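Reading through the structure tokens given below for one structure.
FYI, it's all coordinate maths here, none of it is from the lab. Bear in mind the structure is a predicted one, so any value in this text is a computation, not a measurement. Because the Cβ atoms are built from the backbone with ideal geometry, glycine has one as well, and the counts that use them run over all protein chains shown.
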Amino acid sequence: MIVNDVVCPFCGCLCDDLELEVKGDRVVRVQNGCSLAEATFMNDTRLPAPIRRTTTGWKEIPYDEAIKETADILKDADRPLLYGWSSTHGEAQSVGVHIAELMGAVIDNTSTVCHGPSILAIQEVGHPGCTLGQVKNRADVVIYWGCNPVEAHPRHMSRYTTYATGFFVPDAQRDRTVIVVDTRRNNSSDIADEFVQIEPGGDYAVLSALRAIVRGKDSVIPKKVAGIEKEQLIRVAEICTKAKFGAIFFGLGLTMSRGKYKNVRNAIELTDELNRHTKFVISPMRGHGNVYGSNEVFTWMTGYPFAVDFARGIAFYNPGETTAVDILRRGECDAALIVASDPGANFPRIAAAHLAKIPTVVIDPHVNATTSLSRIHIPCTAAGIDAAGTAYRMDGVPIRLKKVIERGYPDDAEILKKIYDRLNGSKGP
Amino acid sequence: MTELLVRNACVIDPIRGINGEIMDIAIRDGRIVESVSDRAEMIDARRCLTLPGGIDSHTHVCGTKVNFGRYMSPEDMRAGRTRRRGRMHVTSGYYVPTTFGNSYRYSAMGYTTLLEGAMAPLEARHTHEEFTATPHQDMLANTLFDGNWAVMDAVREKNIQKTAAIVGWTLNAVKGYAIKLTNPGGTEAWGWGEDLTSIHEPVRHFEVTPAEIISTMIRANELLRLPHSVHLHCNNLGKPGNYQTTLATFDLVPDLNPDRQTLYATHVQFHAYGGGTWRNICSKAEEITRSINNKPQIVMDMGQIMFCRTMTMTADGPMEFNLHCLHHNKWSNHDVELETGSGIIPVTYSKKSAVNCIMWAIGLELALLTKSPWQCLLETDNPNGAPFVKYPEVIGLLMSKRYRDEECATLHADTEKRTSLHALEREMDWFDIAVMTRAGQAKALGIINQGKGHLGIGAEADIAIYPIRTDSLDPAREYRKVVEGFQKTRYTIKRGRVVSRDGEIIVDGANATFWTNARIPEDLRVDNDPEFIRRFQEFYTVRMSNYPVQEVYLPRGRCVETESFT
């Protein structure tokens, strides 16, 4: 059977034009998708049943038992942490927030190790952005800063920017100027019209220099800024101010290098400045398929996009204190529920080590590095493969993920509801 | 079967012409009936003021930009937080509260139906998700068409039928309720960082003017027989001298519908400025209301501002950028491909600012100078002019000249010179307020037939009982009691259930979402039009098949079918 217009749930691009061939409970062919999409749908090896750690290895247990034990672990905890959420749908995220509220837990999502600094910058200065179609149809200048879309978001350029035919940009390759800013050459810089190679840690200075030039203060710029010739900076600034519509996309090269959220703030303020000359927008390249959805769901339910602590009864937010890594690093939390993510692979060693020390439960379709730190792993559907639900694209556009096959797993939202019900006595959220 | 009897209610029900009668209200299974059995649960209203549930016909509570307002404002989330208590979830936020915060606070004030003022079609799913999390009010969504490429093409072709077909298809696809135009044409111009300054200035490339968009959409709206009229945020919002744009816009509006207005002009306070700069800005409320008083085909809402810190959020992207250039605070912008724009910035309305004081006075002047309260509804464009929790203060100001004078005495000295508020003696009565906060809204939105805005037999049992005794309270003198009384109902009844008592939410909500479905002849349907489909697939970044909002997002959807094209 052929299924059309399928949404790939893997990365923040949420490409929705895939064509899948399905045989029984397997996807056998992926058309239009990138290699990451193909792997997402085709190499979908699941944990067959819930498992519990024993003294010598793992033992399969029934779902009801796994759910009961998870509820018991959370019930016994003084400071539970509910972490992850970025690879599942909003329906599961919403139940997660209700559990956190009920338990007085901390709930955090993967922004904490990814675009958390971007959120902090936005909370200081705002976010001049747009949907991706606006860039596709209008942008004649595209800047990728501290990201490598060719590897990490392989269809970003062909669907939304460099190679995408837009209404006002009929000949994309000729009509668009692409600038790549990075500390080293990569696959993306190879196709740039202008490559700006910054010395590591120099982003803030370069952004400040560009802002100064755009404000007409180029006389204050030294001959070189973070390894970049003044001439190139002036050239780049001119490309920007002469653009009809410019778009900056940035990645972890900006958020997680020296300066962190201050880098992002500076980039946003450059965008703001450029809007006094022409039209300019800026957007983070969000990683996980529905990480932006977790920010959205958390925000309308609690007021904050990540790192929400319910211990005081109210929703409390203080990144650096209530962020998952910090809570683990301080050895503060005494139980963890990890949903749809892999902190075992991404967290600093000291934080991951604490996860191994405390009772940790994983709800995820796949075995991952966190499994080996956990006490219980409950497999579930994968949103966008065998479960439908809502995901938010990196630009905020909400898209319904499709269920394309049935594999007999329970939906993670269902598992979480059962945990909630056990914690709450009887009634649902 | 559940039954409830409200006894000794002092009812004001403007749609039925009832003004302060003491009566009983019988309710069965969520609707108002003639009588109930003696097993019915009983509430003694003790002759307190009893009104149909409040209706907000223009508020921003759900969707992409509202949520971004929360996202970018942890300082506001800290400003209003409550803990989980009984049936109530945790809430955060003062001027952009979380969905539960909005829902509980509106409910405590007796509001049972809300119209979200601006939903971008491409992001409609988000709005509906938040509707579901706003459980105590029935919801409706104004759907943005101001910069819609397909609509602008059809307008240029002067093709009203095609315009209607595009609108009808879109409303059905995104489960929207009505047509919203925000700075028509201007949001497309903002795609290039530009704006339009007159309703006769053409939009680049599309070669249509705001006047043409407005006129064609008004006719398309009537062709679709939509329950609400076109809902317009005029061009040039917030600019000194913009009253001329507003008057010229009003002059475009024919009288096409015997049951309601033909145009709903929203937050008109922001569109009633004289002068040419911020230094000489002045009130043109008299000119605006003279026009309104002569045009029964137009209904407006006040767009009252109140002195406080709040958040402005609108689809009017260029206006927000201009405001940002004045305020130098944080600024967010979010243009939506082929459809519309949006912007968000926080503002503080201060009594030390002459401009803010004049704005405050203009909103009140508009209400006091409009002869019929059915034509000037009470809103603050929540949260743009002020968060909705300020409505009771607005009511107090409208009912008491003394309250206004006391406030005016604390304002910037220029207020008196550049507005005429101090000269207005009018004090509104309870009936006027009932019109301006529910009956007028129900009529303007076209939801009287859905059982909203009145307490007649068969109406939905949405009722607000306020701790106010109209027989003994003099609103002109005891305005503080009026304000207090409207802040917290004794009972808010939603579809026959008491949902809020003395400000405390006591049950889980189960709202409904109203949307419109206009039947469009086969040969006009745009989803049969290969050119429409081709352009959609080529220029949107989502597939046409993935665009419509699935029914699962409206767990209690209420479709209003219309006999269009007849």
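Straightening the chain between B:N294 and B:N159 buys 45.6 nm, computed as 0.36 nm per residue apart minus the Cα-Cα spacing.
A simple rule links phi to the HN-Hα coupling: the Karplus curve 6.51 cos²θ - 1.76 cosθ + 1.60 with θ = phi - 60°, which for segment B:135-143 gives x, 9, 10, 6, 10, 9, 10, 5, 10 Hz, with x for Gly and Pro.
Counting partner chain Cβ atoms within 10 Å of every residue's Cβ in A:86-92, what's the average?
Details: counts 0, 0, 0, 0, 3, 2, 0.
That works out to 1 on average.
This model, with +1 at the C-beta of Lys and Arg and -1 at the C-beta of Asp and Glu, gives segment B:106-173 a dipole about its Cα centre of some 280 debye. Put simply, the amide H of B:T314, placed in the peptide plane, has neighbours under 5 Å in B:G343, leaving out anything fewer than 5 places away on its chain. Legend: calculated FRET efficiency, B:H200 to B:K351, from the Cβ-Cβ distance at R0 = 35 Å, rounded to 0.05, equals 0.40.
Quick check: the angle from helix A:90-103's long axis to the longest principal axis of chain A, C-alpha only, nearest 10 degrees? Long axis of A:90-103 versus the principal axis of chain A: about 60 degrees. Legend: ranking of residues A:V404, B:V299 from fewest to most surrounding C-beta atoms inside 10 Å; resulting order A:V404, B:V299.
Neighbours of B:G110 by Cβ distance under 13 Å: Lys/Arg scored +1, Asp/Glu scored -1, total +3. Principal-axis analysis of the Cα atoms of chain A puts helix A:116-125 at an angle of about 50° to the longest axis. The distance separating the Cα centre of segment A:163-191 from that of segment B:276-321 comes to 43 Å. Using the Cα gyration tensor of segment B:207-347, with a ≥ b ≥ c the square roots of its eigenvalues, what is the shape: rounded (a/c below 1.5), prolate (a/b larger than b/c) or oblate (neither)? Taking the square roots of the gyration eigenvalues as a ≥ b ≥ c, segment B:207-347 is oblate.
Within chain B, which DSSP H helices have Cα atoms that stretch 20 Å or more along the helix axis and a mean Kyte-Doolittle hydropathy of at least 1.6? Let's see the in-between values first.
On the way: long enough: B:160-174 (21 Å, 0.87); B:354-369 (22 Å, 1.87).
Taking the DSSP H segments of chain B (at least 20 Å long, mean hydropathy at least 1.6), we get B:354-369.
Counting only DSSP beta bridges with both residues in chain B, the antiparallel share comes to about 50 percent. Mean projected area of the Cα convex hull of segment A:116-284, taken over all directions, amounts to 8.5 nm². With each label modelled as a point 7 angstrom along the Cα→C-beta vector, the B:Q537-B:E406 pair spans 6.7 nm.
Taking the Cα centre as origin and putting +1 on Lys and Arg beta-carbons and -1 on Asp and Glu beta-carbons, what dipole magnitude results for chain A, to the nearest 20 debye?
The dipole magnitude comes to about 720 debye.
At full extension, A:K223 and A:D175 could sit 14.2 nm farther apart than now, given 0.36 nm per residue minus the alpha carbon distance.
Remark: segment A:289-301, residue by residue, has Karplus-estimated 3J(HN,Hα) of x, 10, 5, 5, x, 5, 4, 5, 4, 4, 5, 6, 8 Hz, where x stands for each Gly or Pro and the curve is 6.51 cos²θ - 1.76 cosθ + 1.60 at θ = phi - 60°.
What net charge do the residues around B:L232 carry, taking every other residue with its C-beta under 10 Å from that of B:L232, with Lys and Arg at +1 and Asp and Glu at -1? Surrounding charge for B:L232 is 0.
Tell me, B:R438, B:R125, A:R29 in order of fewest to most beta-carbon neighbours within 10 Å? Write down the numbers at each step before the final one.
Numbers: B:R438 32, B:R125 24, A:R29 14.
In increasing order of surrounding Cβ atoms, one gets A:R29, B:R125, B:R438.
Annotation: the antiparallel percentage among DSSP beta bridges lying fully within the protein assembly as shown is about 45. Helix A:203-214 and the long axis of chain A differ in direction by around 40°, with both axes built from C-alpha atoms. Neighbouring Cβ atoms from other chains, within 10 Å of the Cβ of residues in A:391-401, number 6 on average.
Site pair B:N528 and A:D334 shows an inter-label distance of 6.8 nm when each label is modelled 7 Å from Cα along Cα→Cβ. The Cα center of segment B:507-566 and the Cα center of segment B:59-104 differ in position by 29 Å.
Kindly rank B:544-557, A:270-283 from highest to lowest mean number of other beta carbons found within 10 Å of each residue. List each step's numbers first, then the result.
Numbers: B:544-557: 15.9, A:270-283: 21.9.
Listed from highest to lowest mean packing, they are A:270-283, B:544-557.
Couplings for segment B:439-444, taken from phi via the Karplus curve 6.51 cos²θ - 1.76 cosθ + 1.60 with θ = phi - 60°, read 5, x, 5, 4, 5, 5 Hz in order; Gly and Pro are left as x.
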